[in-house]
Structure formats: C-alpha cells, structure tokens
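Below: one structure, written as structure tokens.
The values are calculated or read from the model by the stated rules, or taken from the named source; none is laboratory data. Quick caveat, the model's predicted, so the values are computed rather than measured. Heads up, the Cβs are rebuilt from the backbone with ideal geometry, glycines too, and the neighbour counts pull from every protein chain shown. Surface areas here come from the heavy atoms of the whole protein model, side chains and all, with no ligands, DNA or RNA. Shrake-Rupley method; radii C 1.70, N 1.55, O 1.52, S 1.80 Å.
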Amino acid sequence: QVQLVESGGGLVQAGGSLRLSCAASGRTFSSYAMGWFRQAPEKERDLVATISWSGILTYYVDSVKGRFTISRDNAKNTVYLQMNSLKPEDTAVYYCNAVNPPLRTGVPLYDDWGQGTQVTVSS
C-alpha cells in the first residue's frame, strides 16, 4: 500500500554535501513521524534522524548532529535529509521509513523497506 522511494545519493568527496529525498507513493504520510536510517556493509541498519509529523520536532544521532538536517514537505509526501560536511564514515545505503514515537527511539513502522540510496564519501 505504501511505497517509499529514496533518491539523491551519490559519490562525493569528504567535506561535500548531498540532499537525499524520500518520496511516498500510494498514500499520504502527513500524520506520521518519519526517519532516515543507514546501513553500511556488514553492519546493522541504524537510525540517523527523525522528524515529527508537523516537522517541528527533530532528533539526530550524535554522529550527525550539526552536519545533517532532516525536513519534510507534507504537501509533496516527501522527506529530505540534507547532509553537509560528509565524512567517509557516512558511507552507507540510506533508507527512510515512518517511525513510532518517541523520535529518539524511532522504531520503523513499515516492514517494506525500499532499495535505499547509496551514499559514498571518499577521503
């Protein structure tokens, strides 16, 4: 019923920036908190950032605070992740999903994960 499509990834050098987009199809998600997750090779999928349904409240893991900004445009059913000052450690496949509150916990709501978008940061 819900399809989440991530885009915007790519190859950048350390210190560069990327903006990821997560577009929802099939239904609206304006009433849901949303989150970005990432998974590096041989690693677990980890929460990166979350945003409340209104877009007013946000949460970031310590490793990305001050560098990443999560935002949303409910009219477009789209969530964004602006990534600045990228580091090689940020290299991963990035996914989005609706999340259950609280934002700091960010438990994913949908079992159907998309393909994600690859972010590769070279040193």
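So here's what we get for this one:
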{"item": "Neighbour cut-off at most 14 other Cβ (10 Å), DSSP loop, GluC sites (Glu not before Pro), segment 1-101", "result": "42, 44"}
{"item": "Surface share of carbon and sulfur [accessible, 1.4 angstrom probe, percent] for the chain", "result": "47"}
{"item": "Residue 80 accessible area, 1.4 Å probe, all protein chains in place, Å² to nearest 10", "result": "40"}
{"item": "Long-range amide H partners of residue 57 with built H, under 5 Å", "result": "52"}
{"item": "Sequence-distant lysines (8 or more away, or on other chains) whose Cα lies within less than 20 Å of residue 76", "result": "none"}
{"item": "Those lysines that a straight Cα-Cα span of less than 22 Å connects to residue 65, excepting residues fewer than 8 apart in one chain", "result": "43, 87"}
{"item": "Amide hydrogen neighbours beyond the local backbone of residue 87, cut-off 5 Å, H modeled", "result": "15"}
{"item": "Modelled FRET efficiency - R0 25 Å, residue 58 with residue 112, Cβ distances, 0.05 increments", "result": "0.55"}
{"item": "Coil-residue trypsin sites (Lys or Arg not before Pro) of segment 52-123, DSSP, other Cβ within 10 Å capped at 14", "result": "65, 104"}
{"item": "Backbone HN-Hα couplings from phi across segment 43-52 [Karplus 6.51/-1.76/1.60, Hz, Gly and Pro as x]", "result": "10, 6, 6, 10, 5, 10, 7, 9, 9, 5"}
{"item": "Residue-count net charge about residue 39 - beta-carbon cut-off 14 Å; Lys, Arg +1, Asp, Glu -1", "result": "-3"}
